[in-house]
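The structure appears right after this line, and notes come after that.
The values are calculated or read from the model by the stated rules, or taken from the named source; none is laboratory data. Source: prediction; values computed, not measured. Here Cβ is always computed from backbone atoms with ideal geometry, including for glycine, and neighbour counts include all displayed protein chains.
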Amino acid sequence: MARASATRRVGGLVLALGAAALAAVPLWSGSAAAAGAEVGHWRMDEQSGNVMHDSSPSGLDGTIGSAVTLPGGSFQFPGWTGNVDGTGHLKGKVPAEAGAVKVPDPGDVLDPRTGSFTITVRLRSALLANGHLPTAPGASYNIVQKARSDDGGGFWKLELGGSGAQLGKLRWVLSDGSHSVVVTSKGRVDDGGWHTVVAERRGTQSVLTVDGAAASASAKSIGDIHPKGRYSDTMTVGKKPGSTDPKDAFAGWLEELVASR
């Protein structure tokens, strides 16, 4: 029997959860979905503390921000949830770091350089009580990324579109600092359910696969992705690094993040 929908209160905001979100989610292996050798594997199953442990040989433990909660088996990111007015529009600012996990990368093993690179994760987006994302023109809720577009040497990121034709769809962005390639998921993920995501640089292609449905674009124009700048030495999970704009902050749940090269 299908479970009825329900609501959950997060940061004073009532969020809608569909039946798929309430159903038990089977365990999965991110490493099984990822190609290449693991350079980061964060199971995100910590029950307490402020360390997100990396079980890969890289040992890239992350620091969990004070506003990120650990419900068990996943991390819950506040994102925009405290910044919505009575009409469903975003307002105000979010903390620059409290709602994120920061993963230092002193050896740059999370830089794709010129080779193949894969990020896998499971995610579930928070929604308003009306079952929708907030009204936020130009929003791109950043889920995980290394560096920013204003860092030299390029960047990469996975984000959730928050407006226009890309509303509710995932975007996988690769840039070498001179050229960028964006791949948008075929389907939407703003439905309160869990989704399995594989984002790749695969040879000369950039590929984004969500629940088995793949979208791709040529990445022949992308050269060496090796960020150099203020945010280049850290992978940030849950929001755009350094930003206080709620349009840059993912609200929802993530579990088992894996990086492979």
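List of remarks:
- Checklist (1) in contact with a Phe, Trp or Tyr (Cβ under 9 Å, 6 or more places away or on another chain); (2) assigned to a loop (DSSP other than H, G, I, E, B); (3) modelled with pLDDT of 95 or more applied to PRO71, failing item: (3)
- Selection within the stretch 153-173 - of a type in the set (D, E, K, R) and in contact with a Gly (Cβ under 7 Å, 6 or more places away or on another chain): LYS169, ARG171
- Scan of the stretch 104-147 for residues that are buried (at least 24 other Cβ atoms within 10 Å of the Cβ), touching a helix residue (DSSP H, G or I) at 6+ places or on another chain (Cβ under 9 Å) and of a type in the set (S, T, N, Q), ordered by number: THR120, ASN142
- Candidate set: the stretch 231-261, residues that are over 10 Å from the mean Cα position of the chain (by Cα) and of a type in the set (Lys, Arg); chosen: the one surrounded by the fewest Cβ atoms within 10 Å (Cβ to Cβ): ARG261
- Residue identified as at pLDDT below 95 and under 25 Å from THR69 (Cα atoms) among ALA126, ALA136: ALA136
- Any hit, the stretch 82-103, residues being in contact with a helix residue (DSSP H, G or I) (Cβ under 9 Å, 6 or more places away or on another chain), of a type outside the set (S, T, N, Q), at pLDDT 95 or above and not in a loop (DSSP other than H, G, I, E, B): yes
- Residue satisfying all of: in the stretch 210-229; assigned to a strand (DSSP E or B) and under 21 Å from the mean Cα position of the chain (by Cα); nearest to SER116 (Cα to Cα) among these: ILE225
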